[in-house]
Ligand code: ADP
Ligand code: MG
Ligand code: MG
């Protein structure tokens, strides 16, 4: 079992208006095998948390720690974090012009594992994963994310998840912009990987809809840069009924 531990994390960003604190003491422990949902209103800092875990240079860690099995994640480069087993599916995936999906996936897999995957298995694994995610075979020869629809980008992210087999997957609003069919396909992919029991998931979402397909073990309500309340799946049901108002008024 592996553990991703976030302790009293304070993060700020530098803007034209000066330094703005965004995360104000986030503490969270995720073990492999567990699914944690982070739910919160827009602007509460959910993506900031995801980006900070992934090592985005924009975000400045003022205090606190992130460790993976005791190793200091914050001192790792973005690549080192990926090799250590962290995977971030971003709210706004980037396009990589001039690089085909096939080349990207194989290069990334090689970098992650420190050796090239056996070609025979790899080609078959990619094909199988693509077909399960209902990604058209043509996509293998297309440039990464270039001209992909929102739903296609999300499927391709889950394709990476299934092929790279991270220890911890951080899914930032993977549900946004998906119709129900795409949401099901994407959720099934996450669930398939999860069922192997070797992945911890941090599922960041604004809406409860995706939680009908991906069942969280823990739900954290995120308000104004910190966790305002935690509970089990029933907390998501309550949010569905009551919204975030109760929490935001308490915090203000
Ligand atoms: P969420 O994902 O919960 O919607 P974000 O983490 O995206 O929240 O944003 C939290 C707050 O930080 C917001 O007020 C947002 O405007 C601000 N913020 C985040 N990233 C940046 C950035 N790169 N530049 C300026 N402000 C930012
Ligand atoms: Mg947002
Ligand atoms: Mg966000």
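The values are calculated or read from the model by the stated rules, or taken from the named source; none is laboratory data. Treat the numbers as computed from the prediction; the structure is a model and nothing was measured. Using ideal geometry, Cβ is built from the backbone for each residue, glycine included, and neighbour counts are taken over all protein chains shown.
Here are some notes:
- Annotation for the range 10-29: no member residue is out of contact with any strand residue (DSSP E or B) (no Cβ under 9 Å at 6 or more places or on another chain) and either within 16 Å of ligand 2 (Cβ to nearest atom) or closer than 21 Å to residue 217 by Cα (or both).
- Boolean, residue 132 is within 30 Å of residue 1 (Cα to Cα) and over 12 Å from the mean Cα position of the chain (by Cα): yes
- Matching residues in the range 27-41 - criterion: being part of a loop (DSSP other than H, G, I, E, B) and farther than 15 Å from residue 228 by Cα: 32, 33, 34
- Selection count, the range 14-26, where residues are part of a strand (DSSP E or B) and either exposed (fewer than 13 other Cβ atoms within 10 Å of the Cβ) or modelled with pLDDT under 95 (or both): 5
- Of residues in the range 69-100 being touching a strand residue (DSSP E or B) at 6+ places or on another chain (Cβ under 8 Å), more than 16 Å from ligand 3 (Cβ to nearest atom) and assigned to a strand (DSSP E or B), the one farthest from residue 145 (Cα to Cα): 72
- Qualifying residues in the range 149-180 (those that are in a helix (DSSP H, G or I) and free of Cβ contacts under 8 Å to residues at least 60 places away in the same chain) - the one surrounded by the fewest Cβ atoms within 10 Å (Cβ to Cβ): 180
- Checking residue 202 against (1) under 18 Å from residue 129 (Cα atoms); (2) modelled with pLDDT of 95 or more, the condition it does not meet: (1)
The rows are residues; the columns are (1) in contact (Cβ under 8 Å) with a residue 40 or more places away in the chain; (2) more than 13 Å from ligand 1 (Cβ to nearest atom); (3) farther than 30 Å from residue 244 by Cα; (4) surrounded by 13 or more Cβ atoms within 10 Å (Cβ to Cβ).
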{"position": "41", "(1), (2), (3), (4)": "yes, no, no, yes"}
{"position": "47", "(1), (2), (3), (4)": "yes, no, no, yes"}
{"position": "87", "(1), (2), (3), (4)": "yes, yes, no, yes"}
{"position": "106", "(1), (2), (3), (4)": "no, yes, yes, yes"}
{"position": "109", "(1), (2), (3), (4)": "yes, yes, yes, yes"}
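- Pairs, first on the phi > 0 side of the Ramachandran plot in the range 63-81, second in a strand (DSSP E or B) and buried (at least 17 other Cβ atoms within 10 Å of the Cβ), C-beta under 7 Å, six or more apart: 64/9; 64/10
- Test set (1) assigned to a loop (DSSP other than H, G, I, E, B); (2) surrounded by 14 or more Cβ atoms within 10 Å (Cβ to Cβ); (3) away from ligand 3 (no atom under 13 Å from the Cβ) - residue 56 fails condition number: (3)
- Listed by position, the strands (runs of 3 or more DSSP E) contained in the range 192-238 that have at least 3 residues being in contact with a strand residue (DSSP E or B) (Cβ under 6 Å, 6 or more places away or on another chain) and more than 19 Å from residue 47 (Cβ to Cβ) are 226-231.
- Test for residue 183: is it away from ligand 3 (no atom under 16 Å from the Cβ), out of contact with any helix residue (DSSP H, G or I) (no Cβ under 6 Å at 6 or more places or on another chain) and in contact (Cβ under 8 Å) with a residue 60 or more places away in the chain: no
- Set 6, 38, 66: member being within 16 Å of ligand 3 (Cβ to nearest atom) and at pLDDT 95 or above: 38
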